[in-house]
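Shown next, in C-alpha cells, is the structure this report addresses.
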Amino acid sequence: MATFVLVPGFWLGGWVWQEVTADLRGRGHDVYPVTLTGVAERDHLAGPEVGLETHTRDVVRLIETADLRDVVLVGHSGGGLPVTQAADRIPDRVGRVVYVESGPMPDGMAQFDSNPPEEQERLRTRIGDGHLLPPPAWEPTSDPQNLAGLDAAVLTLLRRRATGHPLRAATDPVRRTGGRAVPTALVACTFPLELVERMITQRHPFFAGLAGSDLHALPTGHWPMLSEPKALAGLLDRIGAGQPR
C-alpha cells in the first residue's frame with residue numbers, strides 16, 4: 001500500500017480532499033491531506049512574509065516529522081509549486097510526484113508569470129497593498145470549463161470555505177537545487193492529453209517538465225477532487241501501484 005501526501009491548490013485547505021482521502025484509506029493506503037500556512041483553518045497565520053518557501057517547508061516538515069518514505073506526493077493546481085520544490089529538497093523520501101491539473105514549473109518561473117500581462121495588472125489592482133490573492137467567485141456562468149461537474153451544494157461550500165491565498169505563494173519563483181529527479185505523473189482534466197503531449201513537445205513551461213511522465217486523463221473541471229472524487233481516487237490508487245495508463 002502507498003503513502004499519499006495531498007496538497008491542495010490555491011484558496012483551499014486539506015478539507016477539499018475529504019472524499020478522496022476516505023476512498024484511498026478505504027483501499028488500505030496511508031493518506032495525509034495538507035493545509036498550507038495562511039489558508040483555510042490556518043488563515044490566521046497569513047502574513048506578507050508567507051510565500052512559496054513557507055509552503056514548501058510545510059510539506060517537507062510533514063514528511064520528515066512523520067518519517068514518511070516512498071511518498072506519492074500529489075499537488076493540485078497551485079499546490080504543484082510547493083510539491084515541486086519539496087520533491088527537489090527531499091527526493092530520498094518521495095517515490096513519485098503526481099500533478100493534478102498542474103505541472104512542474106521551470107526554475108525561476110512563478111505561477112503569477114503564467115497570467116497574461118492584463119490579468120496580472122487586474123489582479124494587482126484588486127489586491128492593492130494587500131498580501132492575499134482573493135478567491136474566485138465560483139460562478140459557473142463565467143467559468144464553465146473550470147467549474148464543470150460542481151453542483152450547487154459544492155459551489156456554495158466553496159464560496160463559504162475558500163479563503164484568500166498568500167500572494168507570495170503565487171509571485172515567488174520556483175527554485176530547484178538540480179538534485180536527483182523524482183518520477184512524475186499527470187492527471188489532466190481540462191487539458192486533453194493530445195494537447196498536453198503537444199505542449200510537452202513544444203516545451204511549453206506548463207508541461208515541459210513532464211516529458212517521459214505517466215499521463216492520465218480525467219475529463220471534468222479543474223477541481224476533480226470535488227467533481228469526480230471516486231474517479232480521482234481510483235487513478236491515484238493505480239498511479240501509487242505503479243500501473244500505467
* To do: Would you check if VAL60 is within 23 Å of PRO134 (Cα to Cα) and in a helix (DSSP H, G or I)?
  => no
* Considering every residue within region 85-95, establish whether at least one is in contact with a helix residue (DSSP H, G or I) (Cβ under 9 Å, 6 or more places away or on another chain), part of a loop (DSSP other than H, G, I, E, B) and more than 22 Å from ALA188 (Cβ to Cβ). => yes
* Considering (1) surrounded by fewer than 23 Cβ atoms within 10 Å (Cβ to Cβ); (2) of a type in the set (A, V, I, L, M, F, W, C); (3) touching a residue at least 12 places away in the same chain (Cβ under 8 Å); (4) under 24 Å from ALA185 (Cα atoms), say which one ALA46 fails and leave the rest. => (4)
* **Lone qualifier among ARG124, ARG160 - being exposed (fewer than 14 other Cβ atoms within 10 Å of the Cβ) and modelled with pLDDT of 95 or more** => ARG160
* **Hey, THR35 of a type outside the set (A, V, I, L, M, F, W, C), closer than 22 Å to LEU157 by Cβ, free of Cβ contacts under 8 Å to residues at least 40 places away in the same chain and not in a strand (DSSP E or B) or not** => yes
* To do: Look through region 208-232, keep the residues that are in a loop (DSSP other than H, G, I, E, B) and touching a residue at least 40 places away in the same chain (Cβ under 8 Å), and return whichever of them is surrounded by the fewest Cβ atoms within 10 Å (Cβ to Cβ).
  => THR220
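The values are calculated or read from the model by the stated rules, or taken from the named source; none is laboratory data. Just so it is clear, the model here is predicted, and its values are computed rather than measured. In this analysis, Cβ positions are derived from the backbone assuming ideal geometry, glycine residues included, and neighbour counts consider all displayed protein chains.
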